[in-house]
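Each remark here refers to the structure printed beneath this line.
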Amino acid sequence: MKAAMILPAIGVVAAVALSSMFIVDEREKVLVLQFGQVKQIKEDPGLGFKIPLIQEVVRYDGRILGFLTQPLEVTPLDDRRLVVDAFARWRIVDLVNFRESVGTEGVRAAQVRLERILNAAIREVLGSVPSNRVLSEDRTSLMNQIRDRARRESSALGIEVVDVRLTRTDLPEQNLAATFARMRAEREREAADEIARGNEAAQRVRATADRTVVELTSGARRDAEVIRGEADAQRNGIYAEAFGRDPEFFAFTRSMTSYERALRGENSSIVMQPDSQFFEYLRSDSVAPAPGQVDPGQGAPQAATQTAPVAE
């Protein structure tokens with residue numbers, strides 16, 4: 001009978017002992033509360049003790065937490081509206097202050113209040129600079145300013161803002177069409193300028209080429225006229241020299257050339273007297289016309305002009 005009473009007693013004692021112990025994970029921070037009042041703070045991992053049924057253990061994440069804010073519309077100094085959202089990293093540094101500030105809702109309530117603080121810091125910092133600074137490399141210093149302001153404001157909640165990053169800085173949807181149209185007009189203007197400069201350069205090249213063609217053509221014609229004049233002079237000199245050496249043979253060759261040209265048998269007719277001076281070498285064995293007579297080569301055109309045309 002005593003054994004039957006001892007075993008339940010041992011079980012009760014074991015249950016009480018187990019309920020008085022709790023384990024703190026290395027990723028957690030723990031508060032021991034008694035009727036809502038903080039009685040113990042345990043941030044180091046290990047085994048802890050509490051009064052069973054009277055005290056309770058509240059666990060919080062001790063790691064660095066993060067959350068993304070909702071898109072926020074801000075207006076920089078140049079009145080160019082931007083849609084901004086941020087990503088923040090934070091952690092709990094004061095468990096008692098954190099519990100008193102957010103109550104029983106814990107991390108969820110802390111994130112709601114932290115988002116309000118970040119939105120206010122973003123509006124204040126980005127509203128004091130023009131939009132080109134927000135979209136430039138100076139953006140890092142602006143994010144650091146937002147982080148510092150949010151850190152000061154959130155210290156009253158028992159949390160520390162570790163870092164803040166602007167993940168997006170875009171124009172509102174209603175402004176995108178106007179912005180794209182302005183960008184398109186700017187690109188078209190630049191393209192028109194490039195085309196105009198190209199046409200101007202092409203016109204200069206064409207004018208230079210035309211001037212070069214005229215200069216080359218004029219020079220070639222000039223050289224051709226000079227060469228032609230020199231050739232004519234050389235030809236006349238050869239003729240004069242040949243005539244001076246043997247006038248009789250020169251007259252004979254000129255007559256033979258005139259016969260060859262006039263008697264080709266093509267569709268043409270020559271009407272002249274048989275005893276014309278043109279046929280002197282054909283009807284006589286003399287080697288040259290009598291003194292005072294006209295050379296057949298020179299008289300052929302005259303004979304042709306003196307004869308009357310005959311209808312065929």
Practice item. Give me a count of the residues in the stretch 93-152 that are crowded, with 16+ Cβ neighbours inside 10 Å and among the small types (Gly, Ala, Ser). Key: 6
Revision key, fill the gap. Conditions (1) of a type in the set (A, V, I, L, M); (2) surrounded by fewer than 14 Cβ atoms within 10 Å (Cβ to Cβ); (3) modelled with pLDDT of 50 or more -> Met272 fails only (2)
Check your understanding: Restricting attention to the stretch 185-204, does a residue exist that is open to solvent by less than 90 Å² (accessible area, probe 1.4 Å), under 30 Å from Pro71 (Cβ atoms) and within 37 Å of the chain's Cα centre (by Cα)?
Key -> yes
**Study point:** Ile238 vs. criteria modelled with pLDDT of 75 or more, open to solvent by 60 Å² or more (accessible area, probe 1.4 Å) and within 60 Å of the chain's Cα centre (by Cα)
**Key:** no
Revision key, fill the gap. Per the filter on the stretch 209-235, residues over 60 Å from the mean Cα position of the chain (by Cα) and open to solvent by less than 100 Å² (accessible area, probe 1.4 Å) are Gly229, Ala231, Asp232, Ala233
Practice item. Select from the stretch 58-79 the residues that are within 38 Å of the chain's Cα centre (by Cα), assigned to a loop (DSSP other than H, G, I, E, B) and in contact (Cβ under 8 Å) with a residue 60 or more places away in the chain and list them in ascending order. Key: Pro71
Study note, to complete from the structure: Checked against (1) at pLDDT 85 or above; (2) more than 35 Å from the chain's Cα centre (by Cα); (3) among the β-branched types (Val, Ile, Thr), Thr104 satisfies every condition except (1)
Study note, to complete from the structure: Ala181 passes all but one of the listed conditions (1) small (Gly, Ala, Ser); (2) at pLDDT 90 or above; (3) closer than 30 Å to Pro130 by Cβ; the exception is number (2)
Check your understanding: Which members of the stretch 37-57 meet the condition of being assigned to a strand (DSSP E or B) and aliphatic (A, V, I, L, M)?
Key -> Val38, Ile41, Leu47, Val57
Check your understanding: If you check Asp85 against the conditions, is it part of a strand (DSSP E or B), within 38 Å of the chain's Cα centre (by Cα) and acidic (Asp, Glu)?
Key -> yes
Review point. Name the residues in the stretch 32-84 that are within 17 Å of Ile117 (Cα to Cα) and buried (at least 16 other Cβ atoms within 10 Å of the Cβ), would you?
Key: Leu65, Phe67, Thr69, Leu72, Val74, Val84
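The values are calculated or read from the model by the stated rules, or taken from the named source; none is laboratory data. Here the structure is a predicted model, which is why all the values come from computation and not from measurement. Note that each Cβ is placed from the backbone with ideal geometry, even for glycine, and that neighbours are counted across all protein chains shown. When the accessible area is computed, the model is the full protein with side chains, heavy atoms only, and any ligands, DNA or RNA have been set aside. Shrake-Rupley method; radii C 1.70, N 1.55, O 1.52, S 1.80 Å.
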